[in-house]
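K.L.:
Sending over a structure as structure tokens; questions will come in a sec.
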Amino acid sequence: MKLKLYPWQKECLEAWEQNQSRGIIQVVTGGGKTILALAAAQRLQQRLEGKLQVKIIVPKQFMVAQWTESLLTYKETFGIEKKDIGNYCGLNKDTPDKRYMIYVVNSARYRLSGHIAENLKRGEPVLIIADECHHYASAENRKIFDFMCLLDPKQPQQYFSLGLSATPQTEGFTNILVPALGPLFYSYGFSEAIRARVINTCVLFNLGLYLNGEEADEYYSITDKITTIMKKLIKVYPAIKSVPQDRFIPTLQMLAKDPESMAGNLALKLIFLFYRRKEIVYEAKARVTAAKALVARLGNKAKIIIFGERISQTDLLFLALDKAYPNRVARYHSKMGEVARKHAIDRYRDGEVRILVSCKALDEGFDIPSADVGIVLSSNSVQRQRIQRLGRILRRSSDKGISSLFYFYMEYTIEESALLDNGIEGVDEFMLNYKTDTDSFTNNSYDPYAQEVLDKLTNRDQHDLLETTEHFLDLGRVRTDYLDSEELLEKKIKEARGTEDTNYWLCMREVAREKKRLDSQASLSRPTLFRHPL
């Protein structure tokens, strides 16, 4: 197969070559960074007349197979066979003389630098492709770059590099990654990729949930205790007031090392209370209940990935969904064996199951192009993780419409009410709420139009249709179908199979018409500003 590049990839390659074939690129998940890296290796290999040694570094073992598959997919372009590709991970450590070596960083920390040093001593030029490069600035992982001290700036260039990440800016970016891999020279984000149709169009639903009575009582009791203890800590350690937010917990941990002191004792209590409060939020029962209710309304064709933070919660949801949809649900988390995890991914990728319930482990690296709905069951505050999760459902696929990502958060708690800090241009956001006692969703952007449809039925004395219509309108409340053009909705009505399907699309057409009518009225009612004649 021949490499086919998007315009952004061609532009990026030119910028990389102008930068002496060194540097880091920031590319949205699903944007095509693997193809970009392969094209960079191909160009450099041609320029160096086939003498280039390519070292691909990945953070996790499963990514070795993905890179191997990518290389073999384009083996004619590279002029390579399987025997030219070596792996260095776990118990499988090939000799490093293969033209293309793929290293897992845990296995490579103490050997990769030596391998590269040997290549350079023999006069063999080396290209490092550092996938998910934000992982390689830690105290242990940075040892892969120890060979840098051997480079002689007076000699012809023998070392080339390309760092890949959707979120490269991490601790150690400036003082470790940039010296080792080169500067950040190109960025390609969500907005650009959506406009160019490189990744899928997306709608983001921020879904507010509520603590139950017992959870709320404990949450607010803990919050009161935190307030009281903070006042005491400020009195004995006033400097805590000026500590930046990102250093607050590390400062408490530093103080807690001396638990015999007043400040240390108070810091220790605060750490425990913060942890317990976060647990209440993460483990709120409404998360699993809302996820079950949401999946039931998304239809039996939706391919769904669910992201969680707690394995116990993931297992609980999996069991509930597996009971409701037998043999259509798989789970993936770190406490499962490697074979079981691979089997779950393969079943999802092949379409044997359509719902994948995961816990953290899917955040980076997995190439799962078929997901069209993501549900963030629970999430920490790290933007990198949230961006990775959004990218998981935006990979381009010819049979996908608008993708949807649902972010669950607990109302009236410390949890953020939006998935991303500043949103994304081209990604519409909607605010939903779910109440467990009534098993009902509300959507302020949708509900006025749906109510107009119901009101028209009432005014026409078509009360016999109300219950059925309310059912289909409820399904549409958590979907984006009413945003489609009327022409597309008419097409879906004609292609519908069965009465249920037909009635749903008829309701969505009516909601779309009411939206168009009310939006038009609102536009006409706005005051027009006239310029006075001179």
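FYI, it's all coordinate maths here, none of it is from the lab. What you see is a predicted model; the values in this text were computed from it and never measured. Here the Cβ is made from the backbone with ideal geometry for all residues, glycine too, and neighbour counts use every protein chain on show.
K.L.:
For the pair K231 and K335, how long in nm is the line joining their label points, each one 7 Å along Cα→Cβ?
P.N.:
4.1 nm
K.L.:
Given points 7 Å out from each Cα along the Cα-Cβ axis, report the M148 to R122 separation in nanometres with one decimal.
P.N.:
It works out to 2.5 nm between the two label points.
K.L.:
If you don't mind, there's one more thing I want to ask. So for the range 37-191, averaging the separation of alpha carbon pairs under 8 Å that are six or more residues apart and normalising by length, what relative contact order in percent results?
P.N.:
23 percent
K.L.:
Report, to the nearest 10°, how far helix 285-297 tilts away from the longest principal axis of the Cα atoms in the chain, using its own Cα long axis and a range of 0 to 90°.
P.N.:
Orientation of helix 285-297: about 80 degrees from the principal axis.
K.L.:
Further, regarding this structure: Can you compute the FRET efficiency between D447 and E467 using 1/(1 + (r/R0)^6), with r the Cβ-Cβ distance and R0 = 25 Å? Round to the nearest 0.05.
P.N.:
0.90
K.L.:
Counting other beta carbons within 10 Å of each residue's own, what order do T29, T502 fall into, fewest first?
P.N.:
On the way: T29 25, T502 15.
With the fewest neighbours first, T29, T502 line up as T502, T29.
K.L.:
Do the alpha carbons of any pairs in K301/K515; K33/K301; K51/K143; K98/K342; K301/K335; K456/K516 sit beyond 20 Å of each other, and which pairs? Write down the numbers at each step before the final one.
P.N.:
Numbers: K301/K515 26 Å; K33/K301 29 Å; K51/K143 25 Å; K98/K342 27 Å; K301/K335 29 Å; K456/K516 16 Å.
Listed pairs above 20 Å: K301/K515; K33/K301; K51/K143; K98/K342; K301/K335.
K.L.:
What is the gain in length, in nm to one decimal, between T174 and K342 on full extension, counting 0.36 nm per residue of separation less the C-alpha to C-alpha distance? Walk me through the numbers on the way to the answer.
P.N.:
On the way: separation 168, 0.36 × 168 = 60.48 nm, distance 3.59 nm.
Full-extension gain reported as 56.9 nm.
K.L.:
Express in whole angstrom the spacing between the alpha-carbon centres of the range 62-123 and the range 501-521.
P.N.:
Here the answer is 55 Å between Cα centres.
K.L.:
While we're here: Mind checking which lysines have their C-alpha under 20 Å from K235, skipping anything on the same chain fewer than 8 residues away?
P.N.:
Qualifying lysines at Cα under 20 Å: K225, K257, K269.
K.L.:
Using only Cα atoms, what Kirkwood radius does the chain have, in angstroms?
P.N.:
26.4 Å
K.L.:
Taking neighbour Cβ counts within 10 Å as the exposure measure, how do W16, W8, W505 sort from fewest upward?
P.N.:
Ascending number of Cβ neighbours within 10 Å: W8, W505, W16.
K.L.:
Let me see the pair-distance distribution of the range 213-282: every alpha carbon pair, 10 Å bin width, integer percents in order.
P.N.:
20, 52, 24, 4
K.L.:
Over the alpha-carbon set of the range 279-327, work out the extent along each principal axis and list the three values in angstrom, largest first.
P.N.:
Extents along the principal axes, in whole Å: 33, 18, 15.
K.L.:
State the percent of C-alpha pairs, over all pairs in the range 7-188, separated by a distance greater than 26 angstrom.
P.N.:
On the way: 3567 of 16471 pairs.
Percentage above 26 Å: 22.
K.L.:
Hey, rough spin-label estimate for E411 and D94, points 7 angstrom out along Cα→Cβ, what's it come to in nanometres?
P.N.:
Distance between the two pseudo-spin positions: 5.6 nm.
K.L.:
Compute the helix-to-body angle for 447-459: its Cα long axis versus the longest principal axis of the chain, expressed 0 to 90° and rounded to tens.
P.N.:
Helix 447-459 and the main axis of the chain meet at about 30 degrees.
K.L.:
Still on this structure: Based on the Cα gyration tensor of the range 446-534, what are the three equivalent ellipsoid semi-axes, each the root of five times an eigenvalue, rounded to whole Å and given largest first?
P.N.:
32, 16, 10
K.L.:
Give the order of Y136, Y275, Y88 when sorted by the count of other beta carbons within 10 angstrom, beginning with the fewest. Write out the running numbers ahead of the final one.
P.N.:
On the way: Y136 28, Y275 10, Y88 23.
By the 10 Å Cβ count, ascending: Y275, Y88, Y136.
K.L.:
Quick one: Kirkwood hydrodynamic radius for the range 176-325, alpha-carbon pairs, angstrom, one decimal?
P.N.:
Across the range 176-325, the inverse of the average 1/r is 20.0 Å.
K.L.:
Using Cα atoms only, what is the angle between the long axis of helix 33-47 and the major principal axis of the chain, expressed in degrees (0 to 90) to the nearest 10?
P.N.:
30 degrees
K.L.:
In whole percent, what relative contact order does the chain give with Cα contacts below 8 Å and a gap of six or more residues?
P.N.:
15 percent
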